[in-house]
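Asks: My questions will all concern the structure given below.
The values are calculated or read from the model by the stated rules, or taken from the named source; none is laboratory data. Computed from a predicted model, the values in this text were never measured in an experiment. Quick reminder, even Gly has a Cβ in these numbers, built from the backbone with ideal geometry, and neighbours come from all protein chains shown. SASA here: full protein model, heavy atoms, side chains in, ligands and nucleic acids out. Shrake-Rupley method; radii C 1.70, N 1.55, O 1.52, S 1.80 Å.
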Amino acid sequence: QVQLVESGGGLVQPGGSLRLSCAASRSVFSISTMGWYRQAPGKQLELVASITSGSTTNYADSVMGRFTISRDNAKLTAYLQMHSLQPEDTAVYFCNAASVLFNVWGQGTQVTVSS
């Protein structure tokens, strides 16, 4: 079974940057679409960005131009580089790996943007 472990969250001031990492436990990572989702208090889970096995990317309008998703298949790791962070980006960020064989979630990492 694929397992995902997120890291890189924390507290950052408005305008700052963070990079989230999502490490997968198995080589099936390379066939997965990787996604980053977030859930703010009192709000629904929303897709932030995704990247297919062929490296096609998709972004939510709210993060376009500020966030970049990438993947390193050799390291079984996906990344979310976040710039120009704003208080409204505060949420728990979850990593997801999906394919026809599985749909797996990480445990989440907290990102807090505050002065």
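Asks: Quick one: which of Ser21, Ser50, Ser17 is at pLDDT 95 or above, touching a His at 6+ places or on another chain (Cβ under 9 Å) and of a type outside the set (Phe, Trp, Tyr)?
Replies: Numbers: Ser21 fails: touching a His at 6+ places or on another chain (Cβ under 9 Å); Ser50 fails: touching a His at 6+ places or on another chain (Cβ under 9 Å).
Being at pLDDT 95 or above, touching a His at 6+ places or on another chain (Cβ under 9 Å) and of a type outside the set (Phe, Trp, Tyr) holds for just one of Ser21, Ser50, Ser17, which is Ser17.
Asks: On to the next question. For region 8-40, enumerate the residues that are β-branched (Val, Ile, Thr) and buried (at least 16 other Cβ atoms within 10 Å of the Cβ).
Replies: Val12, Val28, Thr33
Asks: Right, here's the next one. Of the residues that sit in region 54-99 and are hydroxyl-bearing (Ser, Thr, Tyr) and touching a residue at least 24 places away in the same chain (Cβ under 8 Å), which one is nearest to Val28 (Cα to Cα)?
Replies: Filtering region 54-99 for residues that are hydroxyl-bearing (Ser, Thr, Tyr) and touching a residue at least 24 places away in the same chain (Cβ under 8 Å), the one nearest to Val28 (Cα to Cα) comes out as Ser99.
Asks: Which residue is nearest to Ser99 (Cα to Cα), if the candidates are limited to region 41-67 and must be surrounded by 15 or more Cβ atoms within 10 Å (Cβ to Cβ) and of a type in the set (A, V, I, L, M, F, W, C)?
Replies: Checked region 41-67; the qualifying residue nearest to Ser99 (Cα to Cα) is Ile51.
Asks: Output the qualifying pairs, or none if there are none: Cβ atoms under 6 angstrom, residues six or more apart or on different chains, first residue in region 34-50 and β-branched (Val, Ile, Thr), second residue open to solvent by 80 Å² or more (accessible area, probe 1.4 Å) and at pLDDT below 95.
Replies: none
Asks: Still on this model: Looking only at region 86-108, filter to residues that are hydrophobic (A, V, I, L, M, F, W, C) and more than 14 Å from the chain's Cα centre (by Cα); which one of those is least open to solvent (accessible area, probe 1.4 Å)? Don't jump to the end; show me each part of the working.
Replies: Filtering region 86-108 down to residues hydrophobic (A, V, I, L, M, F, W, C) leaves 91-92, 94-95, 97-98, 100-102, 104-105.
Narrowing the set further to residues that are more than 14 Å from the chain's Cα centre (by Cα) leaves 100-102.
On the way: Val100: 149, Leu101: 132, Phe102: 37 Å².
Here the residue is Phe102.
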